[in-house]
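K.L.:
Here it is: the structure, laid out below.
We did not get these values from a lab; they are worked out from the coordinates using the rules stated. No experiment lies behind these values; they were computed from the predicted model shown. Because the Cβ atoms are built from the backbone with ideal geometry, glycine has one as well, and the counts that use them run over all protein chains shown.
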Amino acid sequence: MFFNYPSRLFEPLVKPVMAVVLFISTFASYASAEQALEDFTIKDIRGMRYCEFLLVYDDRVVIYNTTGSSDCSEDKWESLDVTVLAKENDAKNAQLNGPKFWAMDAQTLELGDKKSFGGIDARYAATLPISALGAGEGSDPYVGFTSSKKQTMVFEAGKPMYELVDDKGNTYVLNAYGAKVRDGDPGNLADQLTPAEGWSFEIITPDKSVIVEASTDAPVQMVGDDLHQYYTLFDKSSQ
């Protein structure tokens with residue numbers, strides 16, 4: 001299987017799994033259609049470019065991600081028409097998220113069916129409740145939301161981790177950063193972001209590798225910043 005990333009290792013695990021995506025606290029009322037999900041392990045991905053397509057329906061947001069499917073060609077990405085994408089997918093509307101760049105060193109995640117959006121291939125990645133969308137692009141900054149996904153993120157020892165700490169002392173780790181980050185260096189978020197009152201942005205360099213796991217068995221707590229990057233809650237004391 002060729003994924004257009006010759007310098008990186010992208011390994012599909014052999015057994016696909018069936019899953020019903022559940023999300024937010026009222027799981028039963030938000031159950032999505034079944035997706036045949038396949039586990040993928042991706043290595044050496046810090047800085048890898050990807051894009052996402054958000055299909056917005058009355059009660060949910062369905063997300064497709066280009067990781068492992070395409071390099072999200074800049075020319076094709078810039079020519080996309082969200083009105084056309086929404087109509088082609090019977091959605092209320094559509095949003096584009098990207099390009100983004102992974103902030104971890106390796107991860108295992110589940111991806112589902114492949115679709116083409118304006119000539120860019122992407123795979124099903126997640127379903128979120130409509131409340132996660134916020135009032136504009138993506139979620140509202142510094143307002144937590146829940147997602148249901150299976151994902152294991154690895155941050156290698158000696159490399160920086162970028163974190164948001166909320167007003168209660170909870171820590172969220174940056175998953176990926178966007179093109180608005182100055183010089184492509186997430187460290188510059190320290191003076192680019194305007195955190196909500198009581199929140200802070202921090203950079204740490206762990207002396208041992210950090211593993212952050214998300215599971216479909218329980219909602220995953222996430223939050224976005226004011227440049228629409230996303231962070232996952234994790235327990236620092238367990239590392």
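K.L.:
With a point put 7 Å past each Cα toward its Cβ, work out how far residue 183 is from residue 36 in nm, to one decimal.
P.N.:
4.8
K.L.:
Shifting gears a bit: Distances over 19 Å make up what percent of all Cα-Cα pairs in region 40-155?
P.N.:
Of all Cα-Cα pairs in region 40-155, 47 percent lie more than 19 Å apart.
K.L.:
Sticking with this structure for a sec: So for region 90-239, what percent of the C-alpha to C-alpha distances run longer than 24 Å?
P.N.:
Within region 90-239, distances greater than 24 Å cover 33 percent of Cα pairs.
K.L.:
Let me ask you something else. Multiply the residue gap between residue 113 and residue 196 by 0.36 nm, knock off their C-alpha separation, and tell me the result in nm, one decimal place.
P.N.:
Full extension from residue 113 to residue 196 adds 26.2 nm.
K.L.:
Which residues does a label at residue 236 reach in region 169-187, if reach means a backbone N under 14 Å from a point 7 Å past the Cα toward the Cβ?
P.N.:
Once the point is set 7 Å along Cα→Cβ of residue 236, 169-174 turn out to lie under 14 Å by backbone N, inside region 169-187.
K.L.:
Can I ask one more? Return the loop-located trypsin sites (Lys or Arg not before Pro) in region 108-209 (DSSP other than H, G, I, E, B) with at most 12 other Cβ atoms within 10 Å of their own Cβ; answer none if there are none.
P.N.:
For trypsin sites (Lys or Arg not before Pro) across region 108-209 that sit outside H, G, I, E and B with at most 12 neighbouring Cβ atoms in 10 Å, the list reads 168, 180, 208.
K.L.:
Taking region 187-239 as the region of interest, what is the percent of Cα-Cα pairs per 5 angstrom bin, listed from the shortest bin to the one with the maximum distance?
P.N.:
In whole percents, the pair-distance histogram is 4, 14, 23, 23, 20, 14, 3, 0.
K.L.:
Let me ask something else about it. Using a Förster distance of 22 Å, how high is the FRET efficiency between residue 213 and residue 143, based on the Cβ-Cβ distance and rounded to 0.05? Kindly include the intermediate steps, with their values, before the conclusion.
P.N.:
Working: r = 23 Å, r/R0 = 1.07.
Efficiency for this residue pair is about 0.40.
K.L.:
Moving on. If one computes the Cα centroid of region 45-119 and of region 164-222, what distance in Å separates the two points?
P.N.:
Value for the Cα centre distance between the two parts: 21 Å.
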